[in-house]
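Chemist: I have a structure I would like to understand better, so I am pasting it below and will then ask my questions one at a time.
The values are calculated or read from the model by the stated rules, or taken from the named source; none is laboratory data. In this text the structure is predicted, and so the values were computed from the model without any measurement. Here the Cβ is made from the backbone with ideal geometry for all residues, glycine too, and neighbour counts use every protein chain on show. Just so you know, the surface numbers come from the protein's heavy atoms only, side chains and all, with ligands and any DNA or RNA stripped out. Shrake-Rupley method; radii C 1.70, N 1.55, O 1.52, S 1.80 Å.
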Amino acid sequence: MIRPKKTILIASALVLLALVLPGCRRTPDETRVREAIVAMAQAAEAGSAGDLAEPLSEDFDGNAGSLDRRKLTGMVRLLALRGDHVGVTMGPVSIEHRGERMVATFTVTLTSGGKLLPDQMGVYQVESAWRNEDGDWRCYTATWKRVM
């Protein structure tokens, strides 16, 4: 037979667990953006246009209109079809909150085993802006400039 005090203690422990455990599972927004950036780099290396596009908003704008979501994924598909490999080496990612949005800055080094984009290989400084769309952080704009 379970004693009333023990029943109350067990019930209290279960309620506490129910309240605490969901909070433990929530990944901080900064971490989610960093993970998305790393996933995009891995997708680019793997030639996976679909995975690369996943964290991009539908209205993604790269370098003030020079590369939208469709063009970026098309370029990755073309590289994969040709059998070209793009190496992506990430530098540290810095995140700054700007209201309800975030800006991530980092360097990325692009290398290639193919000949499709040799003039575009090198080191770039990247600034990307992110917004929360229905619970998912999406990159809606990015700018980059070659630094080496």
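Chemist: Calculate the translational D of segment 51-99 in whole µm² s⁻¹ from Stokes-Einstein, where the hydrodynamic radius comes from the Kirkwood formula applied to all Cα pairs, the temperature is 37 °C and the viscosity 0.692 mPa s. Write out the running numbers ahead of the final one.
Modeler: Values: Rh = 13.0 Å.
In µm²/s, the coefficient rounds to 253.
Chemist: Considering only DSSP states other than H, G, I, E and B, which trypsin sites (Lys or Arg not before Pro) in segment 67-148 qualify as loop sites with at most 13 other Cβ atoms within 10 Å?
Modeler: On the way: sites: R69, R70, K71, R77, R82, R98, R101, K115, R131, R138, K145, R146; in loops: K115.
Within segment 67-148, the qualifying trypsin sites (Lys or Arg not before Pro) (loop, at most 13 other Cβ atoms within 10 Å) are K115.
Chemist: Determine how large the accessible area of D68 is when every protein chain is in place; take a 1.4 Å probe and give Å² rounded to the nearest 10.
Modeler: 50
Chemist: Related question: What's log10 of I(q)/I(0) for segment 50-148 at q = 0.18 Å⁻¹, Debye sum over Cα points only, no solvent?
Modeler: Log10 of I(q)/I(0), two decimals: -0.93.
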